[in-house]
Amino acid sequence: MKLSELKKGQKAIVTSVEGTKEMKQRLLSFGLTKGAEVELIDYSLTKSNIEIIVDTTLLALRKEEAENIEVEKK
Amino acid sequence: MACDNCNDENIGKRKRRRRGQHSCTFESKEPIKSGLDAIKIALAGQPNVGKSMLINALSGSNSVKVGNFSGVTVDKLEVCFEHHCHQFDLIDLPGTYSIDGFTQEEKVAKDFLLNEDYDLILNVVDSTNLQRNLLLTLELLELNKKMVLALNMSDEALKDGINIDTKLLEKILGVKVIKVSAKSGEGVEELLEILHQEADKENREHSRVVFSDAVEEELIEIEKFLNERGFKYNSLTNREVAIGLLFEDEKLYKKLHDNPIMIELYPLLVDAREHIYTHHDSKDIKEIKAAEHTAIARGIAKEVVEANSKPKSLTFTQKVDSILMHKYFGIPIFLFFMWALFQLTFEFGALPMDYIDSAISSFGNFVGSFISNDNLRSLIVDGIIAGVGAVLLFLPNIIILYIGIALLETTGYMSRVAFILDGFFHKFGLHGKSFIPLVTGFGCTVPAYMAARTLKSEKDRLITLFILGFMSCGARLPIYVLFTGAFFSDKVAGNILFLIYISGALLGLIMAKVLRVVVFRGEDEPFVMELPRYRLPSFKLLWHTVYSNAAGYLKKAGTFILAASMLIWFASNYPKDDSLVKSYEAKIEKAQNKEVKSQLENELNSKLLESSYLGVIGKSTEAFFSPLGFDWRLTVALEAGLAAKEVVVSTLGVLYSVGEADESSNTLKEILKKNIDLATALSFIVFVMIYLPCMAASAVFVKEAGGFRYLVYLFIFTTTTAWVLSFVTYNVVKLLT
């Protein structure tokens, strides 16, 4: 499933990261790679953005970016 | 390698202030500068790790701006100081999550680290976030430079129940590791000692980081081959060369390109790559390296960090976020904060205003009573004191505004707002991150233009640059306070002020959409942003930010505004039409009663003003502005405002005090109220809100946008918008009142 499909409070393991080179690089530099554990903290009002936690870092993403990240529910 | 920013006098002062008792033999005599090379240190780290604050602590000076969101240090910054007779030259690089960054500021850091000459890297990491910070550390290690790792915020980590085994970390990484806290000063002295020692060392330590089995296998293979051939490249070990070759270090390839050994190496490298590709199920070597680094960082963190479950500061941050970033309340809370800020700006700023105002006018009268020469008195009282005084009056407002913005910047709230607003901003063709330069723009447009560099997409950046001027800067505040104060009661003036700023911001959004649709079409930048933990800025830091801004404002009042006031005074007093003066003086003498006398005096004064240089300039352009309700005085003030917005108020101060013969109304506010109507005032506010920012900002705009032609576009864009909207405002208000 996609990271954008997680529900609030659900934890998951990243299985793959797709997207443009820049996008991947950016996500990688936050430690968002295969095997990383993520938790979805919350959605924004219009669900256009999501807030996740990777390791001990809080990250904000747009839905479009989160769609590039495949995860497996824990 | 000498450091130009250091001057001898400063070194002496700093040394005495910070370490009065240490035993420099030439302490009070010749400055230390002579004959000594500075240790040049590149300060690198991810955003929000307290790098700038650490520089403050290291140098003991207060010359660096610090903030809790990415983008405070937009260009590299150099700080020099002396410690135990050694000169340090610190280069503060912008925070980067990775060396291969894409934003402009990340490129600044990369260019410096790869191409400049320096003695060692000081890598600053956030102890409470070690794993992610290590990703950059691992990249830095591969640059094969001398390096020291500073575990910053160690006091916070301790509170969070995090304990880091520095000895073990040193062993794994092969570089010196030290715990510091920029906030409390803990470990700072020791860090300086270590930097000193490391810089003096002949040889560099070599990294002992271990990759995954598959990669290690290949590295050993390549290393073995190099050893067998007796290969040696500069100061690099053959393992370091192997790492560089395997992971496509472009610089190394360029250097080795012509080396005969490469012929034999190529097949070896191709095989090695193939092996790693299959192992990682990917053909992107950069991605593979990042994955390796992530695994290593995770492993290291597991080994050296001892922590009880979730850090307290993270739990706290998430708790606060559940309110401030609430789905429904988030935006209202943000708007409330902004509203409160402008209320405070007006309410508290107004408290000392009357005192300052009367102090300035009685100071003017006092000084005036000592000067017998009419012209000189007029220059000093009506020119300098009235002009500079009009600007000084607003210092309290400026201070409050800056405190508010500094709080927004340093606590980490700004990134939250970027998150909350991104959905909304995105609809207008802006990026959530644009919010950061936009809020900075409420303080001053110059740093705001530079802060726009955090935006990676060129189009996002240009749109943001174009609409930044609509965020009214601190220097426009006095104009608003003056006009709202004159035409509205104190109760509503704060709200009107808020309304002015909000409508400026909304107008900016609309214009962004227009620009996005009409001019800058295309792909937009992805939104991936760290939400740093909440941190209360130290009082010292807050004080420093506010103090330096207020000092800057005062300095401007004492120099630029002073000169401008004198110029405006001169241009409004000369040329003097003697025949006109004589004919009126004769009339005044003949006048029977006081009323007629003062009426004649007024007539004379305004006629004189009209025939002055300024009057001529104003009159010649008045036609352009008269549909907006501006007389030539307001016209001149606006034109002078192109230089700096503070000049608008000082110009009005000079123009109206020269032309004013009535002694009973001394304050500019009252004079304005008598001379112009509400429609004109509102129309004037609208124009000021929109038209081109000051000369300094325009110069920075040219640099950031990348060409003078953009300034021409900006001038046409803002002036047209300002004119049209002022015209509408003037006529609508006229109809209603």
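The values are calculated or read from the model by the stated rules, or taken from the named source; none is laboratory data. Every value quoted in this text rests on a predicted model; they were computed, and no experiment measured them. Quick reminder, even Gly has a Cβ in these numbers, built from the backbone with ideal geometry, and neighbours come from all protein chains shown.
Among residues belonging to segment A:42-61 that are of a type in the set (Val, Ile, Thr) and at the interface with chain B (Cβ under 7 Å from one of its Cβ atoms), point out the one that is nearest to B:GLU530 (Cα to Cα).
Looking at residues that are of a type in the set (Val, Ile, Thr) and at the interface with chain B (Cβ under 7 Å from one of its Cβ atoms), I get A:THR57.
Which one of these does B:ILE263 not meet: (1) closer than 25 Å to B:ILE164 by Cβ; (2) without any contact (Cβ under 8 Å) to a residue 60 or more places away in the chain; (3) of a type in the set (A, V, I, L, M, F, W, C)?
Here B:ILE263 clears every test but (1).
Looking at this structure, is B:ILE436 out of contact with any strand residue (DSSP E or B) (no Cβ under 7 Å at 6 or more places or on another chain), more than 14 Å from every other protein chain (Cβ to nearest Cβ) and closer than 27 Å to B:ASN549 by Cα?
On the way: out of contact with any strand residue (DSSP E or B) (no Cβ under 7 Å at 6 or more places or on another chain): yes; more than 14 Å from every other protein chain (Cβ to nearest Cβ): no; closer than 27 Å to B:ASN549 by Cα: yes.
Taking the combined requirement at face value, the residue does not satisfy it.
Pairs under 9 Å by beta carbon, first residue over 17 Å from B:LEU614 (Cα atoms) and in the same structural domain as B:LYS619 (by TED's automatic domain parsing) in segment B:565-586, partner in a helix (DSSP H, G or I) and among the small types (Gly, Ala, Ser), six or more apart or different chains?
Pairs that qualify, where the first residue is over 17 Å from B:LEU614 (Cα atoms) and in the same structural domain as B:LYS619 (by TED's automatic domain parsing) and the partner is in a helix (DSSP H, G or I) and among the small types (Gly, Ala, Ser), are B:LEU580/B:SER611.
Based on this model, can you work out whether B:LEU554 counts as under 25 Å from the mean Cα position of the chain (by Cα) and within 14 Å of chain A (Cβ to nearest Cβ)? Step through it out loud before you land on a result.
Working: under 25 Å from the mean Cα position of the chain (by Cα): yes; within 14 Å of chain A (Cβ to nearest Cβ): no.
No; evaluated as a whole, the condition is false for this residue.
For segment B:699-737, which residues satisfy the criterion of being within 21 Å of B:ALA637 (Cβ to Cβ) and in contact with a Leu (Cβ under 6 Å, 6 or more places away or on another chain)?
Correct list: B:PHE715, B:THR718, B:SER726, B:PHE727, B:THR729, B:TYR730, B:VAL733.
Assuming B:PHE717 fulfils every condition listed in (1) more than 16 Å from B:PHE470 (Cβ to Cβ); (2) of a type in the set (Phe, Trp, Tyr); (3) touching a residue at least 60 places away in the same chain (Cβ under 8 Å) apart from one, which condition is it?
(1)
Just for segment B:318-336: of the residues that are in a loop (DSSP other than H, G, I, E, B) and within 13 Å of A:TYR43 (Cα to Cα), which one is nearest to the other protein chains (Cβ to nearest Cβ)?
B:LYS327
Take the conditions touching an Asp or Glu at 6+ places or on another chain (Cβ under 9 Å), among the acidic types (Asp, Glu), in contact (Cβ under 8 Å) with a residue 60 or more places away in the chain and surrounded by 13 or more Cβ atoms within 10 Å (Cβ to Cβ) and apply them to B:GLU186. Does it pass?
no
Any residue at all in segment B:151-158 that is over 26 Å from the mean Cα position of the chain (by Cα), assigned by TED's automatic domain parsing to the domain that holds B:PHE81 and surrounded by fewer than 20 Cβ atoms within 10 Å (Cβ to Cβ)?
Scanning segment B:151-158 turns up at least one residue that is over 26 Å from the mean Cα position of the chain (by Cα), assigned by TED's automatic domain parsing to the domain that holds B:PHE81 and surrounded by fewer than 20 Cβ atoms within 10 Å (Cβ to Cβ).
Of all residues in segment B:242-259, which are over 16 Å from B:LYS289 (Cβ atoms) and either surrounded by 13 or more Cβ atoms within 10 Å (Cβ to Cβ) or out of contact with any helix residue (DSSP H, G or I) (no Cβ under 9 Å at 6 or more places or on another chain) (or both)?
B:LYS254, B:LYS255, B:LEU256, B:HIS257, B:ASP258
Sort out which residues of segment B:613-631 are part of a loop (DSSP other than H, G, I, E, B) and surrounded by fewer than 21 Cβ atoms within 10 Å (Cβ to Cβ), and write them in order of number. Quick ask: steps written out before the conclusion?
First, pick out the residues of segment B:613-631 that are part of a loop (DSSP other than H, G, I, E, B): B:629-631.
Once the filter is applied, which keeps residues that are part of a loop (DSSP other than H, G, I, E, B) and surrounded by fewer than 21 Cβ atoms within 10 Å (Cβ to Cβ), segment B:613-631 yields only B:ASP631.
How many of the residues making up segment B:195-219 are surrounded by fewer than 19 Cβ atoms within 10 Å (Cβ to Cβ) and of a type in the set (Val, Ile, Thr)?
Summing the residues that are surrounded by fewer than 19 Cβ atoms within 10 Å (Cβ to Cβ) and of a type in the set (Val, Ile, Thr) in segment B:195-219 gives 1.
Given B:PHE316, B:PHE334, which one is over 25 Å from B:ALA563 (Cβ atoms), touching a residue at least 24 places away in the same chain (Cβ under 8 Å) and more than 24 Å from the chain's Cα centre (by Cα)? It would help to see each step written out before you state the result.
Numbers: B:PHE334 fails: more than 24 Å from the chain's Cα centre (by Cα).
On inspection, the qualifying residue turns out to be B:PHE316.
If you check B:LYS673, B:LYS734, B:LYS669, which single one turns out to be under 22 Å from B:GLY474 (Cβ atoms) and of a type in the set (D, E, K, R)?
B:LYS669
Report, ordered by the first and then the second residue, all pairs with beta carbons closer than 7 Å, sequence separation of six or more or different chains, a first member in segment B:635-656 that is over 14 Å from B:ILE685 (Cα atoms), and a second member that is outside any helix (DSSP H, G or I) and not aromatic (Phe, Trp, Tyr).
B:LEU642/B:LEU692; B:ALA643/B:CYS694; B:ALA644/B:CYS694; B:VAL647/B:GLY641
Condition (residue is buried (at least 21 other Cβ atoms within 10 Å of the Cβ), among the aliphatic types (A, V, I, L, M) and under 19 Å from B:GLY504 (Cα atoms)) applied to segment B:383-401: is it met by at least one residue?
Among the residues of segment B:383-401, at least one is buried (at least 21 other Cβ atoms within 10 Å of the Cβ), among the aliphatic types (A, V, I, L, M) and under 19 Å from B:GLY504 (Cα atoms), which makes the answer yes.
Enumerate the pairs (first residue in segment B:464-485 and assigned by TED's automatic domain parsing to the domain that holds B:PHE442; second residue anywhere and outside any helix (DSSP H, G or I) and not hydrophobic (A, V, I, L, M, F, W, C)) with beta-carbon separation below 6 Å, excluding pairs fewer than 6 apart on the same chain, so at least 6 apart or on different chains.
Every condition considered, the pairs that remain are B:GLY469/B:PRO693; B:ALA475/B:LYS645; B:ARG476/B:LYS645.
Can you tell me which residue in segment B:299-317 is nearest to B:ASP213 (Cα to Cα), limited to those that are more than 10 Å from chain A (Cβ to nearest Cβ) and hydroxyl-bearing (Ser, Thr, Tyr)?
Going through the qualifying residues, I end up with B:SER309.
Quick grid of which residues meet (1) crowded, with 19+ Cβ neighbours inside 10 Å; (2) touching a residue at least 24 places away in the same chain (Cβ under 8 Å):
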site: A:LYS8; (1), (2): no, yes
site: A:LEU28; (1), (2): yes, no
site: A:VAL38; (1), (2): yes, yes
site: A:ILE41; (1), (2): yes, yes
site: A:THR46; (1), (2): no, no
site: A:ILE53; (1), (2): no, no
site: A:LEU59; (1), (2): yes, yes
site: A:ILE69; (1), (2): yes, yes
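With farther than 28 Å from B:ASP37 by Cβ and in contact (Cβ under 8 Å) with a residue 40 or more places away in the chain as the only criterion, which of B:LEU134, B:LEU192, B:LEU120, B:LEU141 stands out?
Only one candidate qualifies: B:LEU134.
Yes/no matrix, rows are residues, columns are (1) basic (Lys, Arg); (2) touching a helix residue (DSSP H, G or I) at 6+ places or on another chain (Cβ under 7 Å); (3) closer than 30 Å to B:GLU105 by Cα; (4) away from every other protein chain (no Cβ under 14 Å):
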| position | (1), (2), (3), (4) |
| --- | --- |
| B:ASP374 | no, no, no, yes |
| B:ALA390 | no, yes, no, yes |
| B:ILE420 | no, yes, yes, no |
| B:PHE425 | no, yes, yes, no |
| B:MET471 | no, yes, yes, yes |
| B:ALA475 | no, yes, yes, yes |
| B:PHE488 | no, yes, no, yes |
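Just to be sure I understand the filter: pairs with C-beta atoms under 7 Å, separated by 6 or more residues or on different chains, first member in segment B:659-687 and assigned by TED's automatic domain parsing to the domain that holds B:LEU609 and of a type in the set (Ser, Thr, Tyr), second member at pLDDT 85 or above and part of a loop (DSSP other than H, G, I, E, B). Which pairs pass?
Here the result reads B:THR680/B:GLY629; B:THR680/B:PHE630; B:SER683/B:GLY629, each pair linking segment B:659-687 to a residue that is at pLDDT 85 or above and part of a loop (DSSP other than H, G, I, E, B).
Does at least one position in segment A:23-41 carry a residue that is part of a strand (DSSP E or B), touching an Asp or Glu at 6+ places or on another chain (Cβ under 9 Å), at pLDDT below 90 and more than 8 Å from every other protein chain (Cβ to nearest Cβ)?
yes
Return the residue satisfying two criteria in turn: it lies in segment B:99-130 and is more than 22 Å from the chain's Cα centre (by Cα) and closer than 19 Å to B:GLU287 by Cβ, and of such residues it is nearest to the other protein chains (Cβ to nearest Cβ).
Of everything passing the filter in segment B:99-130, B:ASP100 is nearest to the other protein chains (Cβ to nearest Cβ).
One line per residue, one yes/no per condition, for (1) touching a Lys or Arg at 6+ places or on another chain (Cβ under 9 Å); (2) within 28 Å of B:LEU246 (Cβ to Cβ); (3) within 14 Å of chain A (Cβ to nearest Cβ):
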site	(1), (2), (3)
B:LYS159	yes, no, no
B:ILE162	no, no, yes
B:GLU170	yes, yes, no
B:VAL177	yes, yes, no
B:GLU202	no, no, no
B:ALA214	no, yes, no
B:ILE222	yes, yes, no
